[in-house]
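Encoded as structure tokens, the structure appears first; notes follow it.
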Amino acid sequence: MKKHTTPIFLLGWSLSILNVLTFINGVNAQEWSQKADMVNPRLFFSVAAVDNEIYVIGGMLTSPIDSVEAYVPDTNKWVEKTSLPSARAGVVSCEVDGKIYVIGGWDGQNPALGTVEEYDPKTNTWTQKADMPTPRSFFSAVAVEGKIYAFGGVAQNVGPVLSTVEEYDPKTDTWTKKADMPNTRSGMAAIVFRDKIYLIGGVQNVQGPAVKNVEEYDPNTDTWTKKANMPTPRTALAVSKVNSKIYAIGGTSVVQGPGLTTVEIYDPLTDIWEKSTDMPTARVFLGAGTVNNKIYAVGGVVEGLGPQILPTVEEFTSDSLSIAALDKFLTFWGNIKIEN
């Protein structure tokens, strides 16, 4: 009888791979690490990730500013970019086809703006676009299939809170009214998964309280679906997506209250939340961007509208990366047939 065994070199190779994966898992157990501080700390800014760089746009110190800077994870350095044409705080930014659209906010004179300006990272230039029909700040916006969707926010710095949803098409430079949100909301976070938009947390009026609400918007049908509540009620939080998981980061549970270190993970496929490793620095009004499956939490303040504006940047490495690698390895290994 002929007996076949697995070649020794394959066994050695497999053990080496497993050792590497074990090492990666050990590194990822740390998860958060400190990175180079933002050059110009600010409040009420916006973040957009394009071409492996994270852009921090606008915001305010004692008044709205026009500063734009990009963080380059590969070099752990910040690069100054061409300033916004108009100084604005409370803005929202979205990337479509490699260009960044900076929308809304306020300029220190007008309580809310509909201003839209397009930034081209390749030429480092700005172009004026059609105003959003509903001037607002502290709203959320994301891009799906080449179109931008703006949700809620406040019509003035002190309210009222809106349920308004509007769609922007960069190709035609036009805005269209869409179905209102089920509830008024501002200070919430928005993110896209499989062409559906998830709105997370926020407040339903300017005095609070912070809510746990999660709602899914389908741009294809212009309809809303209630989803599982976030475990910790929060407003002024940040969100990022790695693989198929959504990370809700920081924020505060009390309007003008202390920032949180809380990180919770939402799985849109199962509609289930779970706890993740806390962020090292508690903060509210922070931003977040994802580059190469790593999350970068940027800036924020220690407490509500307090004076301590943070330059802090912290990088989060998800252990889902090593799990994915392990799955691939086990699939490959399972395809190796051993005959006796």
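Computed from the coordinates by the stated procedures, all read-outs in this text should not be read as laboratory data. Owing to the predicted nature of the structure, the values given are computational and were not obtained by experimental measurement. Because the Cβ atoms are built from the backbone with ideal geometry, glycine has one as well, and the counts that use them run over all protein chains shown.
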Val158 and Ile272 label points (each 7 Å along its Cα→Cβ direction) are spaced in nm at 4.7
D (µm²/s, integer) via Stokes-Einstein for region 32-318, Kirkwood Rh across alpha-carbon pairs, 25 °C, 0.890 mPa s: value 134
Nearest-0.05 FRET efficiency for Asp169 and Ser63 at R0 = 35 Å, using Cβ-Cβ distance, is 0.60
A chain fully extended from Thr123 to Asn183 at 0.36 nm per residue, minus the present Cα-Cα distance, gains in nm 17.6 nm
The extension gain from Asn52 to Thr176, computed as 0.36 nm times the residue separation minus the Cα-Cα distance, is 41.6 nm
Over 23 Å (Cα to Cα) among Lys177/Lys226; Lys77/Lys99; Lys178/Lys241 -> Lys178/Lys241
Subtracting the Cα-Cα distance of Asp222 and Asn110 from 0.36 nm times their residue separation yields 37.2 nm
Semi-axes of region 82-218 from the Cα gyration tensor (sqrt of 5 times each eigenvalue, largest first, whole Å) come to 23, 18, 12
Ranked on Cβ counts within 10 Å of their own Cβ, fewest leading, Ser253, Ser46 go Ser253, Ser46
Region 256-316 and region 197-254 have their Cα centres apart by a whole-number Å value of 13
Expressed as a whole-number percentage, the relative contact order of region 32-318 with C-alpha contacts under 8 angstrom and at least six residues apart is 14
